[in-house]
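Rule-based calculations on the coordinates, nothing more; no lab input. Keep in mind that what you see is a predicted model, and the values were worked out from it rather than measured. Neighbour counts are summed over all protein chains in view; Cβ atoms, including those assigned to glycine, are modelled from backbone coordinates with ideal geometry.
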Amino acid sequence: MRKVPPFAKRNYSRLVNDERGSSIVELAIIFPILLLLFVGVAEVGRLFYTYTTLAKATKMGARFLTTEKDAEDVSDDAETIRQNTKDRAARLVVCGFEDSCEGRPSIVPGLTTSNVLVTLPDTTPGFIGPRYVKVEITGYDFKFLVFNVAAVTNSETMSTFYFSLEPATKMRYMH
């Protein structure tokens with residue numbers, strides 16, 4: 001058996017007992033996990049923000065329709081007037097203006113008037129009972145920014161997470 005020189009014994013024991021640099025190694029192990037957790041919380045926060053924005057927009061559209069006299073029009077050109085009222089409500093939901101959304105951003109990216117479904121009150125003659133208006137958003141897909149494999153791989157068909165946000169508001173027609 002070989003005899004270990006005394007200076008080597010001292011250097012070895014000093015290296016084994018030395019803890020300098022251990023905190024940087026711990027940080028290197030934990031940092032990616034903390035970063036992933038932080039980004040995940042931010043994405044979920046963005047998801048909730050988008051949903052509440054869409055829900056508030058449907059509420060604004062339904063509130064607009066509750067007092068809109070044209071929503072119950074039964075004249076000769078009632079279908080045109082009612083469709084115009086639906087279009088105005090849809091534009092109000094999408095961009096916040098009833099006249100036009102041209103040159104104005106939508107309240108959330110990717111929302112169009114084709115995503116907005118407007119149901120006007122029942123105008124059947126002899127209908128007795130409360131009448132309601134309903135505004136809902138259908139087919140709006142929330143797109144994640146960070147956890148989106150499709151964006152990284154330039155693939156349109158592949159996505160890691162998919163959320164279809166479909167808020168709706170139903171209110172009693174007050175006119």
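Provide the net charge surrounding Gly110, with neighbours chosen by a C-beta distance below 11 Å and charges set as Lys +1, Arg +1, Asp -1, Glu -1.
Net charge in that neighbourhood comes out at 0.
Listed peptides 45-56, 120-131 appear in the order 45-56, 120-131 once ranked by packing, highest mean of other Cβ atoms within 10 Å at the front.
In plain terms, the chain from Ser75 to Thr53 could stretch by 4.4 nm, reckoned as 0.36 nm per residue minus the Cα-Cα distance.
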